Amino acid sequence: MTEQNFQLFNQELAKQSVTLVAVSKTKSAEEILKLYQWGQKDFGENYVQELLEKHDHLPADIRWHFIGHLQRNKVKYIAPFVSLIQSVDSEKLLREIDKEAKKNSRTIDVLLQVHIADEETKFGLDQNELIALMKNLNQYPNANVKGLMGMATNSEDEQKVAMEFSALHELFLNCKSISANTEVLSMGMSADYKIAIGNGSNMVRIGSLLFGARH
Ligand SMILES: *Cc1c(COP(=O)(O)O)cnc(C)c1O
């Protein structure tokens, strides 16, 4: 994407109060720096090791989002600096994040990942687990649950994708009535972000559209 197209894209999202997270997995420090110099500060990574290396080599004011499946034994490595862990898919993981956040004398912002796709491979809580967990949040004072994240089925069927996003938006509103802290609804990637925004998303995670296809 050219700088001009990036700025137009960003303005369009800002107008709709949607936060852009640039998904930089597999992309080099140079490619990330280019976007950083255009003003992008939120970057998303899927792998702990890759995130640690990039965090070491890139500007300190980048807000790093963790968006991949996170193993509990790796939370400690990212706990000192991570800005938002979007992929909390179990209470055990939330408990571990709370513990490591406390050790680092901070709170860590997180999103609960909800399983909305009909694909087995995508992680996430189901509806009942989500609501049960939402009612337990006061047990985890150092993990600040700010909202929900979900991925739709990878499908050409736009109506199906829209129904999944709309179901997640509904759950988001339910969670808001349990905890007023529920503010962020992270849904939408390169292929489906327009449908996601049309169904209530206020944070999109975009990789290939910004950086080009991954190899
Ligand atoms: C890779 C990834 C994205 C970005 O995907 P693109 O199709 O490249 O925009 C968004 N969210 C998650 C959780 C991802 O793993």
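Can you name the condition, by its number, that residue 81 falls short on among (1) more than 15 Å from the chain's Cα centre (by Cα); (2) closer than 16 Å to residue 35 by Cβ?
For residue 81, the failing item is (2).
What's the number of the only condition in (1) on the phi > 0 side of the Ramachandran plot; (2) over 15 Å from the mean Cα position of the chain (by Cα); (3) surrounded by 20 or more Cβ atoms within 10 Å (Cβ to Cβ) that residue 134 fails to meet?
(1)
Are any residues in segment 154-175 closer than 22 Å to residue 69 by Cβ, modelled with pLDDT of 95 or more and within 16 Å of the ligand (Cβ to nearest atom), and if so, which ones?
161, 164, 165, 168, listed by residue number.
Could you grab me the full set of residues in segment 1-46 that are more than 21 Å from residue 194 (Cα to Cα) and outside any loop (DSSP other than H, G, I, E, B)?
Applying the first criterion (more than 21 Å from residue 194 (Cα to Cα)) to segment 1-46 yields 25-39, 41, 45-46.
Answer for segment 1-46, where residues must be more than 21 Å from residue 194 (Cα to Cα) and outside any loop (DSSP other than H, G, I, E, B): 29, 30, 31, 32, 33, 34, 35, 36, 37, 45.
Could you tell me which residue of segment 141-175 is farthest from residue 23 (Cα to Cα), considering only residues that are assigned to a loop (DSSP other than H, G, I, E, B) and not β-branched (Val, Ile, Thr)?
First, the residues of segment 141-175 that are assigned to a loop (DSSP other than H, G, I, E, B): 141-142, 152-157.
Now restrict to residues that are not β-branched (Val, Ile, Thr): 141-142, 152, 154-157.
On the way: 141: 28, 142: 26, 152: 17, 154: 17, 155: 20, 156: 22, 157: 24 Å.
If we take residues in segment 141-175 being assigned to a loop (DSSP other than H, G, I, E, B) and not β-branched (Val, Ile, Thr), then 141 is farthest from residue 23 (Cα to Cα).
Could you tell me how many of the residues in segment 8-27 are more than 27 Å from residue 53 (Cβ to Cβ), within 14 Å of the ligand (Cβ to nearest atom) and either open to solvent by 20 Å² or more (accessible area, probe 1.4 Å) or basic (Lys, Arg) (or both)?
Residues in segment 8-27 being more than 27 Å from residue 53 (Cβ to Cβ), within 14 Å of the ligand (Cβ to nearest atom) and either open to solvent by 20 Å² or more (accessible area, probe 1.4 Å) or basic (Lys, Arg) (or both): 1 in total.
Only residues that are farther than 25 Å from residue 3 by Cβ and not hydrophobic (A, V, I, L, M, F, W, C): list them for segment 36-49, please. Quick ask: steps written out before the conclusion?
Let us first name the residues in segment 36-49 that are farther than 25 Å from residue 3 by Cβ, namely 46-49.
Matches in segment 36-49: 46, 47, 49.
From the set of residues in segment 73-89 that are among the polar types (S, T, N, Q) and within 16 Å of the ligand (Cβ to nearest atom), which is surrounded by the most Cβ atoms within 10 Å (Cβ to Cβ)? Talk me through it step by step, then tell me what you get.
Of segment 73-89, the ones among the polar types (S, T, N, Q) are 73, 83, 86-87.
Checking the rest, the ones that are also within 16 Å of the ligand (Cβ to nearest atom) come to 83, 86-87.
Working: 83: 18, 86: 26, 87: 23.
The residue in question is 86.
Hey, can you tell me all the residues within segment 176-199 that are open to solvent by 30 Å² or more (accessible area, probe 1.4 Å), part of a loop (DSSP other than H, G, I, E, B), away from the ligand (no atom under 15 Å from the Cβ) and of a type outside the set (Asp, Glu)?
Correct list: 180, 181, 199.
The values are calculated or read from the model by the stated rules, or taken from the named source; none is laboratory data. Because the structure is predicted, anything quoted here is derived from the model rather than measured. With ideal geometry, Cβ positions are generated from the backbone for all residues, glycine too; neighbour counts draw on all protein chains shown. Accessible surface is based on the protein model in full, side chains and every heavy atom, while ligands, DNA and RNA are left aside. Shrake-Rupley method; radii C 1.70, N 1.55, O 1.52, S 1.80 Å.
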